[in-house]
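To keep things clear, I will list the structure first and then write my remarks on it.
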Amino acid sequence: MTDDVLHLVRRATWGPTPGLLEEVAAKGPAAWLEEQLRPASVGDPVCDAFLGLFPRLKLSIAQSRARFRHGDWGTMQQLSYATIGRYTWSRRQLFEVVCDFWSNHLNVTNPVTALFADRHDYDANVVRRHAFGSFADMLVASSRHPSMLTYLDGRFSQVGSINQNYGREVLELHTVGVSGGYDEHAVDDVARVMTGWTFKGDGTAVFDPRRHDAGAFSVLGWSTGVHNTAAGPQVQESLLRHLAALPATARQIATKLCLRFVSDTPPDALVTRLAGTYLQNGTQIVPVLHALFASPEFAASAGAKTRRPLEGYVAAVRALGAMPGTEGAGGADVLFTQARSLGHAPLSWAPPNGYPDVAAAWVSAGSTLRRWNANHDLVVRRKPADLRWPASEPLLTSPPRTWGEFVGTLVQRLLYRPTTPREASALLQFCEKQAASPVVQGDPWLTTRFPALAAMALNAPAHMER
């Protein structure tokens, strides 16, 4: 395995597995990446079977609202469990990484009581439907979805009673950003343009012309005259597509993609090139990802990103080879609970700006300790018990000759690269062995104590390298 394979897999997935690294090495990084950018071409039987445990996610908004009483969290819980399971077991790994990216960019917190019947639909028909498509299409779809209309109060904004919440966030967070050159007048105009949406009795969104402000407005080079109220949706879509295609929006999207895939300090030259690709391709995301992964800045960025807590936890599950169970939530409910204890449950960030993606935001002794405990639970206690765990560990069935070789093989097995002298020293100290001491069958560190040694390896800082 070459270094470029490991670098690509660390960045484009939720964590390597031995099988995945072999697959990428065999196909070649470029061919594997091309396949990942066409997720429908990637068979995913394990994840497909796992998702069968969550039938509520197939319900329409109207069906969900008709079957469950207001405030029932069951569907939102199924979405939470399905999401962490997709991250962990899907073979469409880059797609799941990008879905997480957009879920944070257009954040709608899950669970929230008022979204009990529609938050799963937002995930399916806004984020996942458009994740590899056009950002402009995704922005329009998000603006009129019941979840966003509730989360940012669009449903409560109408002519004569304007709520600026969505108008402010669509400029500050979704499109041009805080440095995008807009002012309070623009925020107010966006809020007025976006008026008119309300809900039908079945929970779906509907445009009511009587609630729409049909005045004349202008926002960052876009304008509309006084118009017929019935034309409100077309006017709104025109404004959103204009915002999506502005250079400032292109730079914001490019900067955030660099934060995700390259560095906490995005290279300005790369941001400029990616923003140009975004604009030249009509806000399509796949061409931008092609350009990003082919860039010299990406190739040179190994070691420049740190996993966030959820990534570290999911990567540990993947490294250990645990697979979903077939009953209940398949063990994903416990994975979700552990992720929540780390402060990083998927889709759960409360403010509209999404989880931060820089290492400095996650530095905490308490968080590190909770991560170590979570790794310990995975390896030592095999928690969640509902997961299907490998029957045997090859390292134990045919161990190396000496303890120095043993810890070296263990690090290679879990961190996918040779051990450093410092890591080897720490592991040998932990199990009170000398590097040259022979490995003897029946040694407690090959049996009852081995899980603690494996957890120690996963607690190394190297495991948190993205």
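Residues that are under 30 Å from A302 (Cβ atoms) and either at pLDDT 95 or above or open to solvent by 20 Å² or more (accessible area, probe 1.4 Å) (or both) do occur in the range 242-250, at least one of them. Being touching a residue at least 40 places away in the same chain (Cβ under 8 Å) and not in a loop (DSSP other than H, G, I, E, B) is the filter; apply it to the range 371-384 and report the residue that is surrounded by the fewest Cβ atoms within 10 Å (Cβ to Cβ). Looking at the filtered set, the residue picked out is W372. Just checking, does the range 413-433 include any residue being touching a residue at least 40 places away in the same chain (Cβ under 8 Å) and either closer than 17 Å to R382 by Cα or aliphatic (A, V, I, L, M) (or both)? Looking for residues that are touching a residue at least 40 places away in the same chain (Cβ under 8 Å) and either closer than 17 Å to R382 by Cα or aliphatic (A, V, I, L, M) (or both), one finds at least one in the range 413-433, hence yes.
The single condition among (1) open to solvent by 20 Å² or more (accessible area, probe 1.4 Å); (2) among the aliphatic types (A, V, I, L, M); (3) under 20 Å from Q236 (Cβ atoms) that A114 does not satisfy is (3).
Please tell me if E96 is in a helix (DSSP H, G or I) and open to solvent by 20 Å² or more (accessible area, probe 1.4 Å). Considered against the rule, which asks whether it is in a helix (DSSP H, G or I) and open to solvent by 20 Å² or more (accessible area, probe 1.4 Å), E96 comes out as no.
The residue list G19, G15, G28, G85 contains one member that is crowded, with 16+ Cβ neighbours inside 10 Å, farther than 25 Å from S147 by Cβ and among the small types (G, A, S), which is G15.
Taken over the range 316-337, the criterion of being open to solvent by less than 20 Å² (accessible area, probe 1.4 Å) and either touching a helix residue (DSSP H, G or I) at 6+ places or on another chain (Cβ under 7 Å) or free of Cβ contacts under 8 Å to residues at least 12 places away in the same chain (or both) is satisfied by A316, V317, A319, P324, A329, G330, A332, L335, F336.
Any chance the range 410-417 includes a residue that's of a type in the set (S, T, N, Q) and either in a loop (DSSP other than H, G, I, E, B) or touching a helix residue (DSSP H, G or I) at 6+ places or on another chain (Cβ under 9 Å) (or both)? No.
Of the residues making up the range 194-228, those that are open to solvent by less than 50 Å² (accessible area, probe 1.4 Å) and among the polar types (S, T, N, Q) are T195, T198, T204, T224. From the list G303, G276, the one residue that fits, being part of a loop (DSSP other than H, G, I, E, B) and either over 27 Å from Q412 (Cα atoms) or of a type outside the set (S, T, N, Q) (or both), is G303.
Does V108 fit the bill of being part of a loop (DSSP other than H, G, I, E, B) and among the aliphatic types (A, V, I, L, M)? In short, yes. Give the number of residues within the range 114-160 that are β-branched (V, I, T) and either outside any helix (DSSP H, G or I) or under 20 Å from the mean Cα position of the chain (by Cα) (or both). Qualifying residue count for the region: 3.
Looking at Q63, Q77, which is the one that is under 25 Å from Q338 (Cβ atoms) and open to solvent by 10 Å² or more (accessible area, probe 1.4 Å)?
Numbers: Q63 fails: under 25 Å from Q338 (Cβ atoms).
Step by step, each of Q63, Q77 is checked, and only Q77 is under 25 Å from Q338 (Cβ atoms) and open to solvent by 10 Å² or more (accessible area, probe 1.4 Å).
Applying the set (1) over 36 Å from the mean Cα position of the chain (by Cα); (2) open to solvent by 20 Å² or more (accessible area, probe 1.4 Å) to S425 leaves exactly one unmet item: (1).
I'd like the residue in the range 251-301 that is of a type in the set (K, R) and touching a residue at least 60 places away in the same chain (Cβ under 8 Å) and, out of all such residues, is most open to solvent (accessible area, probe 1.4 Å).
Here the residue is R251.
Just give me the residues in the range 117-154 being surrounded by 20 or more Cβ atoms within 10 Å (Cβ to Cβ) and among the charged types (D, E, K, R), in sequence order. Answer for the range 117-154, where residues must be surrounded by 20 or more Cβ atoms within 10 Å (Cβ to Cβ) and among the charged types (D, E, K, R): D118, R119, D121, D123, R144.
For the range 200-258, name all the residues that are basic (K, R) and under 33 Å from the mean Cα position of the chain (by Cα). Listed by number, the residues that qualify are K200, R241, R251, K256. Figure legend. Inter-residue proximity from the range 437-459: first residues over 11 Å from P399 (Cα atoms), second residues of a type in the set (S, T, N, Q), beta-carbon distance below 6 Å, spacing 6+ or different chains. Indicated pairs: A455/N375; L458/N375; N459/N375.
Filtering the range 174-193 for residues that are buried (at least 18 other Cβ atoms within 10 Å of the Cβ) and farther than 17 Å from A244 by Cα leaves a non-empty set. Scanning the range 387-399 for residues that are open to solvent by 30 Å² or more (accessible area, probe 1.4 Å) and either over 15 Å from R449 (Cβ atoms) or assigned to a helix (DSSP H, G or I) (or both) turns up R388, W389, P390, A391, S392, P394, L396, T397, S398.
The values are calculated or read from the model by the stated rules, or taken from the named source; none is laboratory data. Just so we're clear, the structure is a prediction, and the values are computed from it rather than from any experiment. Reconstructed Cβ throughout: ideal geometry from the backbone, glycine too, with neighbour counts over all protein chains shown. Just so you know, the surface numbers come from the protein's heavy atoms only, side chains and all, with ligands and any DNA or RNA stripped out. Shrake-Rupley method; radii C 1.70, N 1.55, O 1.52, S 1.80 Å.
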